[in-house]
Amino acid sequence: MLTGAFALVFFYAPLDVDQGFVQKIFYVHVPMALVALVGFIVGGAFAVMHLRTRESKWDMRSYVAIHLSVILAVGVLVTGSIWARASWGHWWVWDEPMLVSFLIVFLLYATYWPLRFALEDKEKQARYASVFAVVAGAFVPLNFAAVRMAEQYIHPQTGATIAGGLPPKMALTFVVALAGMSLLFVTLCKYELASKHATYRLRALRRRLAGDDDELTLTGRSAAPQL
Amino acid sequence: MRSTVAALLAKELTLEWRTREAVPAMVLFSIATYVVFHFGLDRDRVVGDLAAGVLWVTLLFAAILGINRMFVAEHEQGGFDGFLLAPVDRTAMLIAKATTLFCFLCVVELVAVPAFALLLLGPPLTQALPQLVLVLLLTNVGIAVVGTLVAGLAIQTRARDLIVSLLALPLLVPVVLAATRAATPLLQDGGAGALPGNWMAILAIYDLLFALIAYAVFDFLLED
Amino acid sequence: MQSKLNVSCRHPAPARYLPPRPSSVLPVPTTDPVLALRGAGRRYGERVVLREVSLELERGQTLVVFGPNGAGKTTLLRILATLLRPHAGEVEVLGRSLPGDGYAVRGRIGFLGHEALLYRELSGRENLRYYARLYRAAPARADAVLDAVGMQARADDPVAELSRGMVQRLAIARTVLHEPELLLLDEPLANLDPAASAQVAPLIGARAPGRPTRVVTSHDPSGGLRDADLALGLKGGRVAFLAPAAEIRPQQIAELYA
């Protein structure tokens, strides 16, 4: 899907009149940003589920969603600043609300790992991380609203004009790219969850083989949740 | 509920009065920061947006000092367990702690804002004092609520001070942003401009939303 | 009422032993256990610190818990005090199941842990007044319990300046401040000299007024078994023995520590 999207990006979508070839980064940058933001909020929603049910699977899902969203956020910041360099001539533009908001959100979520790592009890770690994810998830839209208000609006109005403002060829490419990015995100989530499950099962089996089905075999501290 | 909050609040204020741990440090820190700004910016007086920025960045960092100390007595001297054992609503802890921090910030500002006017501010402080106080109060509510939440999140961790700063700074960016934008016209040379209503609204909405979020999640920080 | 006052005749303070406040639940038949655990367990991370504890305790009875350090005694007490939630099994305290109904029983439990739970910069009196407000007890109760533990003379010194034995006496005062029906005592006589132990006995002993149900941890075989109705031995989080106190032989306890 994503490959298809990239094919469309390069061969199908017309070149932007103002921005030329660099505009094509738009098909990576914007879907990535949207997916990352949705990922943060979904992580917060999973965290709410964890706090309500206290089942560790929700903490795991929240963790994975936030993990991948932060990785995407790095991508967003990099592609965003490349784009900014190309179209405005600077690597970093402070009057650019989306980029600034993204940086703030990224800085906040970067604390997720230090927080988890600094709590030794797994249950407490999961609960505190969930509280963090809920607070941060609620902070994301609020922060965007505040920062957007602060700066005059020079960002290309991509978000608002998906349906209307783009020429149909661009719109189609964009939608395909967005779908591709979402699928990529979901697939990576599934993959990471499966791998975490497998690691956990493996460790449980090892313990079984070692003959102590309950004594502690601590595997060192880690920031990742456990089941 | 009200009597519980009153009991907690009385205890907090007595403790601070006895130990004088947070407020004097916050005041001294603010004044020292103004001195640093004076040399860092190489200016004798600041005006408008620069003045608002210097004022609120200083207050924010001073607040973080206070936030770091917030739950230390509870954590180290068993106050959490004592509170959790009692048949009381846990939200009382959130309300009492946030109120305490709010009071601390107000006291700090009683000294720090006149000191700012004396040391750095160009136009006279009195030209828009009521509006400025309003902005300060709304900011304090936001910092108090977010600070309590962050302090609660960080208190059980080992690198407490680090986590507090890393969490509080991004979370409070909108507060600093709105407060400085709202206060900029108040600190202009040649008479104060009007107080921008939209920024005050942003501050108020932020305060309200975070109060609700804190109310919803704070109980989970107190368990076990 | 009269008989309650008799116990305290050494420390004449009229308001000391108020009759227990009417609780929100109706009087329970005496056959209902105050404590009922069925397969209770608790993990800490991946480590199981308490497993499969099942027992019942009648109103007014005393359970003594033996076990070496790390055997799970404190964990058990903290679960009963609603401070920790059980991860397995069922726990009923005063007819309510934990952790869901914790709010309903908190005001009726007195918990004395390893830590005094007192603010070091506040005086004993200020600490007790603070707790009296949290428990909605009369402020006079704070002075009454200060009398009862013999701390009236040093009541206005900051807790930080008191000796460990004095802090322990204040902690005992805090524990009985709200006249709990269930006492959870983690080595209550630690740091106390014999005279002080005798002094606090009317407050937390088996014959304390109102005959509270008690769960007491102990390392002392003879002292622990005295006044106990039921004895529980824990080792590595597992139940080593659970029997009427009269049937416990000293070597059973000694084996726990072996």
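A few comments on the model shown:
- Selection of segment C:199-226 for residues being within 17 Å of C:Thr74 (Cβ to Cβ) and more than 10 Å from the chain's Cα centre (by Cα) yields C:Ser218, C:His219, C:Asp220, C:Gly224.
- Selected residue (criterion: farthest from the other protein chains (Cβ to nearest Cβ)) from residues of segment C:116-135 that are without any contact (Cβ under 8 Å) to a residue 40 or more places away in the chain and part of a loop (DSSP other than H, G, I, E, B): C:Leu122
- Scope segment C:77-104; condition at the interface with chain B (Cβ under 10 Å from one of its Cβ atoms) and under 18 Å from B:Gly78 (Cβ atoms); matching residues: C:Arg78, C:Ala81, C:Thr82, C:Leu83, C:Leu84
- A:Leu202 meets the conditions (1) modelled with pLDDT of 80 or more; (2) closer than 26 Å to A:Ser69 by Cβ in every case but one. The failed one is (2).
- Hey, C:Gln199 surrounded by fewer than 22 Cβ atoms within 10 Å (Cβ to Cβ), more than 14 Å from every other protein chain (Cβ to nearest Cβ) and in contact with a Leu (Cβ under 6 Å, 6 or more places away or on another chain) or not: no
- Search result, residues across segment B:10-52 that are part of a helix (DSSP H, G or I) and β-branched (Val, Ile, Thr): B:Thr14, B:Thr19, B:Val23, B:Val27, B:Ile31, B:Thr33, B:Val35, B:Val36
- Qualifying position, being modelled with pLDDT of 85 or more, closer than 23 Å to A:Gly43 by Cα and not acidic (Asp, Glu), among A:Leu68, A:Leu99: A:Leu68
- Residues (over 30 Å from B:Val46 (Cβ atoms) and in contact with a Ser or Thr (Cβ under 8 Å, 6 or more places away or on another chain)) located in segment B:57-85: B:Met70, B:Leu84, B:Leu85
- If you go through segment C:56-97 and keep only what is surrounded by 18 or more Cβ atoms within 10 Å (Cβ to Cβ) and closer than 12 Å to C:Leu234 by Cβ, you end up with C:Leu63, C:Val64, C:Val65, C:Phe66, C:Gly67, C:Ala71, C:Gly72, C:Lys73, C:Thr74, C:Thr75, C:Leu76, C:Leu77.
- Residue, surrounded by the fewest Cβ atoms within 10 Å (Cβ to Cβ), within segment B:1-29, restricted to residues that are touching a Leu at 6+ places or on another chain (Cβ under 7 Å) and away from every other protein chain (no Cβ under 14 Å): B:Ala25
- For segment C:142-170, residues that are crowded, with 17+ Cβ neighbours inside 10 Å, assigned to a helix (DSSP H, G or I) and more than 14 Å from every other protein chain (Cβ to nearest Cβ) total 8.
- Among the residues making up segment C:181-220, a single one is closer than 18 Å to C:Arg106 by Cβ and hydroxyl-bearing (Ser, Thr, Tyr): C:Thr213.
To keep it simple, each residue is scored yes or no on (1) surrounded by 22 or more Cβ atoms within 10 Å (Cβ to Cβ); (2) aromatic (Phe, Trp, Tyr); (3) within 7 Å of chain B (Cβ to nearest Cβ); (4) part of a helix (DSSP H, G or I).
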position: A:Leu103; (1), (2), (3), (4): no, no, no, yes
position: A:Pro114; (1), (2), (3), (4): no, no, yes, yes
position: A:Lys124; (1), (2), (3), (4): no, no, yes, yes
position: A:Arg127; (1), (2), (3), (4): yes, no, yes, yes
position: A:Ser130; (1), (2), (3), (4): yes, no, no, yes
position: A:Ala133; (1), (2), (3), (4): yes, no, no, yes
position: A:Ala136; (1), (2), (3), (4): yes, no, no, yes
position: A:Phe139; (1), (2), (3), (4): yes, yes, yes, yes
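To keep it simple, each residue is scored yes or no on (1) crowded, with 24+ Cβ neighbours inside 10 Å; (2) away from every other protein chain (no Cβ under 14 Å); (3) among the small types (Gly, Ala, Ser).
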{"position": "B:Gln131", "(1), (2), (3)": "no, yes, no"}
{"position": "B:Leu187", "(1), (2), (3)": "yes, yes, no"}
{"position": "B:Ala201", "(1), (2), (3)": "no, no, yes"}
{"position": "B:Ala211", "(1), (2), (3)": "no, no, yes"}
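- Taken over segment B:65-94, residues that are β-branched (Val, Ile, Thr) and buried (at least 22 other Cβ atoms within 10 Å of the Cβ) amount to 2.
- Search result, residues across segment B:180-207 that are under 18 Å from the mean Cα position of the chain (by Cα), farther than 20 Å from A:Leu103 by Cβ and in contact (Cβ under 8 Å) with a residue 40 or more places away in the chain: B:Ala182, B:Ala183, B:Met200, B:Leu203, B:Ala204, B:Asp207
The values are calculated or read from the model by the stated rules, or taken from the named source; none is laboratory data. Only a predicted model underlies this, so the values are computations on that prediction, with no experimental measurement involved. A quick note on method: Cβ atoms are made from the backbone with ideal geometry, for glycine too, and the neighbour counts reach across all protein chains shown.
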